[in-house]
Amino acid sequence: MANERVETARKGYEAFRRKGVEGILEYLDPEIEWKAWSQFAREPSVSKGHDGVRRLFTLYGENFDDLQAEPHEFIEAGDKVVVPFRLAGREKGTGREVSFELVHVWTTVNGLATQLEVYDSKPDALRAVGLNDTD
């Protein structure tokens, strides 16, 4: 079961790389709750369902082109997978390349993510799932 969770996350990033938001939706439960990074959302925001995720990425697209998420590792934590990743793209209007080091926490059930949360740091994400940076 744990390896299935990691594979769901791994395949989700690959699908996003190939097809963007429409690709990752295959790995997200239709009722997903995606808790956005506050710096992108400008305030804490939860997007619900596939349409909510599409709207979230439409907002990202207003500020960035060519967004890509490159996972660094996949850490199993019970029913969750912690994924430190690099989010990179180009600022709209300037073309300046930008990147952010963030962490996703995937909660999966039956091969689909039911919740995805974004954290600023690996230690914060690990604490949220009951681990610490030395585990």
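Bear in mind that the values in this text are calculations on the coordinates, not laboratory data. Predicted, not measured: the structure shown is a model, and the values here were computed from it.
Relative to the first principal axis of the alpha-carbon coordinates of the chain, what is the inclination of helix 2-19, with its axis defined by its Cα atoms, in degrees from 0 to 90 and to the nearest 10?
10
What are the residues whose amide H is under 5 Å from the amide H of residue 98, where those residues sit 5 or more places off or on another chain and H is modelled from the backbone?
89, 90, 91
Which angle between 0 and 90 degrees, to the nearest 10, do you get for helix 49-63 versus the longest principal axis of the chain when only C-alpha atoms count?
40
Suppose we take every Cα in the chain and form the convex hull; what volume per residue is that in Å³?
96
Can you return the lysines within cross-link range of residue 19? Criterion is Cα-Cα under 18 Å, with same-chain partners fewer than 8 residues away left out.
Within the straight-line limit of under 18 Å, residue 19 reaches these lysines: 11.
Enumerate the amide H contacts of residue 114 below 5 Å, restricted to partners 5 or more residues apart or on another chain; note that Pro and chain-start residues carry no placed amide H.
29, 107, 108, 109
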